[in-house]
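Below is one structure, written out as structure tokens; comments come after it.
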Amino acid sequence: MSADPTAVKVPGLTSERPKVPVASRPIARRRWPRRLAYVFLVGYALLMFVPFLWSVVTSFKTLPDSVQLTLIPDPFTLDAYDYVFNKLEPPLPRLFFNSGIIATSVTLSNVILGSIAGYAFARLHFRGREVIFLIVLATLMIPDQLRLVPVYLILNTLGLTKGVAQYAGVILVLAISATSIFLLRQYFQSIPREIEEAARIDGAGYFTTFWRVMLPLAGPAIAAVAILQFQGTWNGYFWPYVILQQPDQYTVPVALSFFRLAGGLVTNWPPLMAMVVLATIPVLVLYLFFQRYFVEGIAASGVKG
């Protein structure tokens, strides 16, 4: 019988070396699921980037060449951008001004009203709070097309469907959304109550606690709401198309639907794609500046609910 190699012989004492536990699965094998997830996410991101890349490339093509699936314009031309900057009616600066006014106003109203409502649903105790919050969330399930007629009749009664007041009509319809309330309410619930209690001990009331304590801490959630609302309103088409009647009041998405035809049934793709690329820049710049806050706000909003 062979001796145990792990045994250590000591005069008067016999002991064994402790056996090192073997991992149930090699480290390399445990890393494969994460690597596959990264490959899938990178591939999905590249797939989503293809339409934008096609838009950029097409904006430098001629109309005959725009129907060809090529990544290199032949010939390379800036005629599409010349058309957008110099021949577009209404002018591009006017369209950007209209979209900017509406998107900025809607973003501010959602941040202000959403913060107040979100704080009330998260921290204030009143009868029927949960039922009212569920009703607010239920509005997300109602398509805009179903409330088109009553909303338009209300705006028409208020005189917000004529002249300059049409801007106010669009802003009023989009002034507050259930998504903004939900995100801010979830974030306020993730903030420890001890912070509020410390402010109450110092004599702060509900409004002072909200304004000077809770609101500064909700910066990431506010940034997330601001980016989502600005992007959604900037790219919004339905309500501006319904309410805005004069061409000089059109937003960028509404104008896209009116100038896309070069003649007959042929879509003028290069100017259309040039305008799409230019319309993407404001949202892209906003996201690049507030990307960190946006990710933090979205992540924290789902912590507690």
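Details
- Exactly one residue out of L160, L215 is among the hydrophobic types (A, V, I, L, M, F, W, C), under 29 Å from S99 (Cβ atoms) and buried (at least 20 other Cβ atoms within 10 Å of the Cβ), and it is L160.
- Cross-chain or 6+ apart pairs with Cβ under 8 Å, the range 126-137 first and within 11 Å of R185 (Cβ to Cβ), then among the charged types (D, E, K, R) and part of a helix (DSSP H, G or I): F133/R185
- Odd one out for Q68 among (1) farther than 15 Å from V252 by Cα; (2) at pLDDT 90 or above; (3) not basic (K, R): (2)
- Some residue of the range 209-217 being at pLDDT below 90, under 20 Å from the mean Cα position of the chain (by Cα) and of a type outside the set (G, A, S): no
- Residue match in the range 255-275 (condition: touching a Pro at 6+ places or on another chain (Cβ under 9 Å), touching a residue at least 40 places away in the same chain (Cβ under 8 Å) and surrounded by fewer than 22 Cβ atoms within 10 Å (Cβ to Cβ)): yes
- Test: residue in the range 172-182 that is closer than 19 Å to Y237 by Cβ, assigned to a helix (DSSP H, G or I) and without any contact (Cβ under 8 Å) to a residue 24 or more places away in the chain: yes
- Residue pairs meeting the criteria (Cβ under 8 Å; at least 6 apart or on separate chains; first assigned by TED's automatic domain parsing to the domain that holds Y241 and surrounded by 13 or more Cβ atoms within 10 Å (Cβ to Cβ), in the range 142-156; second in a loop (DSSP other than H, G, I, E, B) and of a type in the set (S, T, N, Q)): Y152/T161; L155/T161
- Inspection of the range 86-97 finds a residue satisfying the criterion of being closer than 30 Å to A168 by Cβ, in contact with a Ser or Thr (Cβ under 8 Å, 6 or more places away or on another chain) and at pLDDT 90 or above.
- Answer from A221, A255, A168 - the residue that is modelled with pLDDT under 90, in contact with a Leu (Cβ under 6 Å, 6 or more places away or on another chain), outside any loop (DSSP other than H, G, I, E, B) and under 30 Å from P90 (Cα atoms): A255
- Selection over the range 53-90 of residues that are polar (S, T, N, Q) and touching a Phe, Trp or Tyr at 6+ places or on another chain (Cβ under 9 Å) gives a count of 4.
- Among the residues of the range 79-105, those that are hydrophobic (A, V, I, L, M, F, W, C) and touching a helix residue (DSSP H, G or I) at 6+ places or on another chain (Cβ under 9 Å) comprise A80, V84, F85, L88, L92, L95, F96, I101, I102, A103.
- Residue check, F121 in contact (Cβ under 8 Å) with a residue 24 or more places away in the chain and farther than 21 Å from W234 by Cα: yes
- Of the residues making up the range 102-118, those that are of a type in the set (A, V, I, L, M) and either in contact with a Cys (Cβ under 7 Å, 6 or more places away or on another chain) or crowded, with 23+ Cβ neighbours inside 10 Å (or both) number 3.
- Which listed residue is among the aromatic types (F, W, Y), surrounded by fewer than 18 Cβ atoms within 10 Å (Cβ to Cβ) and at pLDDT below 95, from F126, F182: F126
The values are calculated or read from the model by the stated rules, or taken from the named source; none is laboratory data. This structure is a prediction, so every number in the text was calculated from the model and none was measured. Note: ideal-geometry Cβ built from the backbone for every residue, glycine included; neighbour counts use all protein chains shown.
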